[in-house]
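Only one structure is covered here, and it is reproduced in the block below.
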Amino acid sequence: MLYLITKWFGTFLHDGEKIKKQIVFPKDEEEIVKRLIKIDRGEILPEEWDICRDVTDDVIVNERRLQKIGMFFPSNLFFKKLDVDPNSFGFSIDLLNRVSCLLAEKKTRERLMAEDIQIIQMVNALDDLIQTCNLFSERLNHWSLVSTSEEKISSFRNIFDSVKKEINRLEKQIEEDMKRIAPNISRVVGPLIGARLIALSGSLEHLATLPSSTIQILGAEKALFKFKKDGGKPPKHGIIFQHPLIYRSPKAKRGKIARKLAAKISIAAKADFFTKKDISDLLIADLNRQIGVIKNQ
Amino acid sequence: MRPTGIPGVFRENNKLFTENLESCRGIQVYNEKLVSINDKELRSWNPYRSKLAAAILKGLKNINITSKSEILYLGAATGTTVSHISDIVKDGAVYSVENSPVALKQLIKLSRKRHNIIPIMADASHPEKYSHIVPHVDFIYQDISQRNQADIFIKNVDRYLKKAGYGIMMVKARSIDVSLKPKDAYDMVINKLIEHKVKIIKTIDLAPYEKDHVSIMISL
């Protein structure tokens, strides 16, 4: 029986007492990073295939991605004890430092370029602009009351107008992007509320893994923690309150509707993140049926 | 200025310092003060910015870290505390796990200058994802304010901590459960650790540096 273990500097077959076979990677940071990225994607390295070729013993692995090579025993106790020292193969901590910096740079770049992260930035910028816009409009009102000449405030009014234009432009951009990367969420609650839900949860991935009860009150954290600390009533809805299905409904039914809507958003997010299939027609039909039932109660 | 008993850490009244790495002389990480004494350069260690400094000032005498220790650091953030640990383990390594790409960007910058820091972008609740990089370590440090931080800590201890290893967990009561009294929240965490055969060595309240926080020192 042989244990297959792969570290950043090579892949090894261990018989429980010592290393029986080894393939060491080139001592080059780019080469090593290439392999670590493949591992991250769940691929099997050519070296891992090679080391197991012509091996007659059973091979045991503790990584799911290596299932094709050996028997998958994730909690095998031996792996807990098994560790291979990079120094004994001439790999220094300095090299690992360079490797990990390079790998982490690639990963952060990829993550930060992701479209949901861009949408979050746009949502935050939009909120800043809306706040600014409200401040400006208040100031304009006051100013025009005390000012006799329109001239004095016209340049200020220009800024106000361009802020309003920028708000419209951003909203359109967010809507477009949302429809592309999250078609299901966009159909179920609308692209703008959907974008806000992504912003509140941190990423589309995170939103897709949240329970629907959490989605229901995203944006009402203050009320939720007040309830948890001091008691009283828990919030029934967070940002999804902005959906007409909720704010146009009678108060007594909003909680129930919020629950149904959140449940559908939760499914929509999963479809958008995992399967990437458009199932919005089904979701909408189902939601409308459920809401019809609530309204008739 | 006198030694604290912790290698590489010095103290003057209520101020802590770590001895800067030779290769990083003159470089500040977060605008901390640099002081030259004899032929050493010391970096002041702010207990309001770093919970480990707070714990030491509040009476943690032995952190069981030497200059050769290999450390797994969960929740490295932008690297304030990591930089001081990097000073201490000058011949060891700090494997620094952080999930936020924005924070990690700063940490990478720091790691380019400090060769004993190994930055890793990963979620600490999936320790198998960094098993190709992280070896068995002497010490695990955790500072992630999450409700399930004890579970995450245990998973990592299970996988990476050597038999005679130690660890420290920074616990924020409000992250565990806002509805509990801080003391009850800490007990919940401690009981979970004991259930998993982790020994509790010392619990220290971090007030006044942090409100409703404790550090829990453990060993296997």
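For chain B, adding -39500 (n - 2.57) for each run of n ≥ 4 DSSP H residues and dividing by the number of residues yields -8000 deg cm²/dmol at 222 nm. The stretch B:102-153 and the stretch A:153-231 have Cα centres lying 31 Å from one another. Plugging the Kirkwood radius over Cα pairs into Stokes-Einstein for the stretch B:107-186, at a temperature of 10 °C and a viscosity of 1.306 mPa s, what D comes out in µm²/s? Using the Kirkwood radius from Cα pairs, D works out to 112 µm²/s.
The alpha-carbon positions of the stretch B:155-220 define a convex hull whose volume is 83 Å³ per residue.
Could you give P(r) for the protein assembly as shown, binned at 20 Å from zero, as whole percent values over all Cα-Cα pairs? Spelled out bin by bin, the protein assembly as shown gives 18, 44, 32, 6, 0 percent. Look at where the Cα atoms of the stretch B:13-87 and of the stretch B:169-220 average out, and the two centres are 23 Å apart. Exposure check, 1.4 Å probe, all protein chains in place: A:Glu110 carries approximately 130 Å² of accessible surface.
For chain A, the relative contact order comes to 12 percent (Cα pairs under 8 Å, sequence separation of at least 6). Measuring nothing but protein heavy atoms, the accessible surface of the protein assembly as shown at 1.4 Å probe radius is 51 percent carbon and sulfur. Interface A-B: total buried accessible area of about 2500 Å², 1.4 Å probe, protein heavy atoms only. Once the gyration tensor of the Cα atoms in the stretch A:90-201 is diagonalised, the equivalent ellipsoid follows with semi-axes of 43, 21, 10 Å, ordered largest first. For the stretch A:183-262, the fraction of C-alpha pairs farther apart than 19 angstrom is 34 percent. Evaluated with a Cβ-only charge set (Lys, Arg +1; Asp, Glu -1), the protein assembly as shown carries a dipole of roughly 1860 debye about its Cα centre, given to the nearest 20.
Divided by 2.2 N^0.38 Å, where N counts the residues, the Cα radius of gyration of chain B comes to 0.96. The three principal axes of the C-alpha atoms in the stretch A:234-283 carry coordinate ranges of 35, 22, 15 Å, sorted with the longest axis first. Put simply, chain A fits an ellipsoid with semi-axes of 53, 28, 17 Å; these come from the alpha carbon gyration tensor as the roots of five times its eigenvalues, largest first. If both residues of a DSSP beta bridge must be in the stretch A:2-91, then about 70% of such bridges are antiparallel. Taking amide H as placed 1.01 Å from N in the peptide plane, the amide H of B:Glu41 sits under 5 Å from that of B:Asn20, each at least 5 places away or on another chain.
Accessible surface of B:His213, taken over heavy atoms with a 1.4 Å probe and every protein chain present, rounds to 10 Å². In the protein assembly as shown, the DSSP beta bridges split such that about 60 percent are antiparallel, to the nearest 5. Both radii come from the Cα set of the stretch A:30-155: Rg as radius of gyration, Rh as Kirkwood radius; their ratio Rg/Rh reads 1.40.
Please work out, to two decimal places, the log10 of the ratio I(q)/I(0) at q = 0.12, 0.24 Å⁻¹ from a Debye calculation in which every Cα of the stretch A:2-91 carries one identical scatterer. Listed by q, the Debye log ratios stand at -0.34, -1.40. Within chain B, antiparallel bridges make up roughly 60 percent of the DSSP beta bridges whose residues both belong there.
Here, P(r) means the percent of Cα pairs in each 5 Å bin from 0 to the largest distance; for the stretch A:145-295 it is 2, 9, 16, 18, 16, 12, 8, 6, 5, 4, 3, 1, 0. Put simply, the amide H of B:Glu70, placed in the peptide plane, has neighbours under 5 Å in B:Ala93, B:Asp138, B:Phe139, leaving out anything fewer than 5 places away on its chain. Shown are B:Arg147, B:Arg11, whose ranking by accessible area with a 1.4 Å probe and every protein chain present, most to least, is B:Arg147, B:Arg11. Applying the Karplus relation 6.51 cos²θ - 1.76 cosθ + 1.60 with θ = phi - 60° to the stretch A:77-83 yields 3J(HN,Hα) values of 5, 4, 4, 5, 8, 6, 8 Hz, where x marks Gly and Pro.
Rg ratio for the stretch A:50-89: its Cα radius of gyration over 2.2 N^0.38 Å, N being its residue count, equals 1.32. The residues of the protein assembly as shown expose, per residue, 51 Å² of accessible area to a 1.4 Å probe.
Each residue of the stretch A:242-257 was assigned a 3J(HN,Hα) from its phi angle through the Karplus curve 6.51 cos²θ - 1.76 cosθ + 1.60 (θ = phi - 60°); the sequence is 5, 7, x, 3, 8, 6, 8, 8, x, 3, 5, 9, 4, x, 5, 5 Hz, with glycine and proline shown as x.
The values are calculated or read from the model by the stated rules, or taken from the named source; none is laboratory data. Please read all numbers here as calculations on a predicted model, not as lab measurements. Ideal geometry is used to build each Cβ from the backbone, glycine not excepted, and the neighbour counts take in all protein chains shown. Just the protein is used for accessible areas: all its heavy atoms, side chains included, with ligands, DNA and RNA removed. Shrake-Rupley method; radii C 1.70, N 1.55, O 1.52, S 1.80 Å.
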